[in-house]
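Beneath this line is the structure, given in structure tokens, with notes to follow.
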Amino acid sequence: MNTMSKKVVSLVVLGTMLGGQVVFATTTTNNSGVKKDESVFVTLTEKGEVKEQIVSDWIHSDKTNTDIKDKSNLKDIKNVKGEEKPVTNGENLTWKSDKNDIYYQGKTDKQLPIEVKVTYEFDGKEVSPKDIVGKTGKLKMKLQVINKDAHKVTVKGKEKTVYTPFAAASVINLPLEHFTNVKVNTGEIISEGNNQIVTFISLPGMKESLDIKEETLDIDLKDTLELTCDTKDFEMGSVMVTATSKLPEQLDKLKEAKDLNELTDGLNKMKDASNKLVDGTSKLADGAKTMADKVGLLNSAYSGLDSGIGTLSSGSKKLYDGADKLSNGTSMLAKEVNNISIPDMSGMKNQVVALKNGVSELDVGANKLAKGMPALQKGTEDLLDGAKRLNGGLDSVLQVLDKSYKLQAGQEQDIGKLVEEIAQMEQIIASMPDGKQKEMLKGGLTKQKDTLQQIKIKGIGKTKALDGLKSVITGEGLPKDKKGLKQGTRELVVGLTQMNEQIPAAVEGSRQLAAGTGKLKAEINKGMASLDEKLKAVDPSKIVKLKAATKQLDAGANELKNGVGQLSSGSSKLKEGSTKVSSGISALKDGSGTLAEKSGELRDGMAKFDNEGIKKVDDKLGSKVGDIEELIDTKNEVMKLSDNFKTYTGVGEGMEGSVKFIMKTDEIKKPKVEKKEEVKEEKVGFFKRIVNLFKGK
């Protein structure tokens, strides 16, 4: 019978670790298809005293949109995965839901069927664990799981006390940095890295129910774990205890056994099932370890992805800023292009032709001036020679003087025409578009104009000298005597000599004017050809197309800005979601690590249970059980209690039910000053709650 209980414990631990793999009692009811699973989470003091009980209920119905008749004595009932609210009538609850599952929880102060008691001795004296935190010495610890659910039954005409069968699995984690030389009187010590994990499987009340004596069967059915060790800077985590009353389906034959042969057959089948369970728990441990390794890789990979998403989010914001500036710039460009007016090129072309003609006339005049200068020089020389021979004949002088006068007058007239033509060209150039060619033409004309002005000034001086000479010769102010005439002649010779000295400079200036005008003409013709080509290239239709294109560019820039804005907003939301996923993966990593750790403990514990429990029963039951018939009858009563214990806080009539207890003591730690952080309430499943309990949350 001990073997049966050990098997129950193993399956309970497996079911608790995986969560949700519930085996319901098979019953025939009027409300078939509705099942209720209770998980009772109990918070204990470090000594095992009850502090709080929170019950999580899961109701599953094969049908939807139906009234579910439930029963519960819980307080503060709250639906944790939906909006449905029950209609209450005392302890009777009616749930109306369009789903198959309802999850709710509440609190109770009902007395538990299982009691946990933990005592501590330090250096030989019983102490409160809080009083030895941080101390070093010898520690002795006792963990006892007590069955409180007793019942009176009659077996073979005798009244007996039997207990609802519970299988309890206890786990204590002892880090090497605080505990060494750990020894236990029962259970198993598993070394896992820097931790020593003590596991203890017990069947509280089973020994008393079946009246089995350990010295008779040599079977370990201890209800108390005794642990001794050396502790340094004492502190420890929570003690975990899980318990259930459900028995595995593999024990159906054992439950139905009515005589020794059937009992033996049931035990053989139980032994085979135990071997399969050992193999299954080994595979579970390997799979859990593989899962933990893969989740670690997933966590590392997703960290890189989360970082990349962060870069995308910040980069999209910068991209949006750039798109905004681009949109503003294209809007300004479109506005300016739209203001461009298409010029009338016909007037410009006429001015170009006029400028070209004026330059040609200027070139002709400059050449005439250059050609006339030698004649002027010859006339001046002749005049000077005549003046020297004035006494030889004034008539000859007057003729020469008149000739020089006419030449000078013609010279001045030519210079005047050239100045007028230059003025006309300046007006034409002024109306041309600003540019390098305009400045070059303007500078060339200015230089030629200055040269002509200097020649004109010198010519005016010569004309005045000739006028004075003529006045003297014709009698105006003529001296009455020859002495005065000779004096005038000498002055004339001096003036003509000075004039003759200036003639070479004037000749050179006229040559430079002609050369400069030629160059100016060549440059203007070259510039006019280029300007003419550019004027021909000016196409008004292209400006119209440019305006249309800039409008399209502006519209496209706005669309780009809006699209990048959506990208920036989406990447920000993606970053928020990625952060949540990253947190979830980290939690999954922790949970999978815990699952791998506890699955390894389960595997080792199951192997020990198979070797030391089932095999011992198989070896020793046949020869050492006294009253087999009474034992079988007692076993039947115990099985009835197991079948009937399908709820802790209530179950609706006709429902199938199951219940398990998960208990956790307070940690014994040094007080820490922690910052208060806002904790957001999060709905979690059963497996997550188990992981949180192991993590101390």
For the table 47/148; 371/456; 69/660; 110/646; 85/246, the rows whose alpha-carbon distance is greater than 20 Å are 69/660; 85/246
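Would you kindly calculate the mean projected area, averaged across all directions, of the convex hull enclosing the Cα atoms of the stretch 43-106, in square nanometres?
Values: hull surface 19.9 nm².
With the hull built on Cα positions only, its mean projection is 5.0 nm².
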Which ordering of 452, 297 is given by a fewest-first count of other beta-carbon atoms within 10 Å? 297, 452
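Every number in this text was worked out from the coordinates using simple rules, so none of it is lab data. As the structure is a prediction and not an experimental result, all values here were calculated from the model. Using ideal geometry, Cβ is built from the backbone for each residue, glycine included, and neighbour counts are taken over all protein chains shown.
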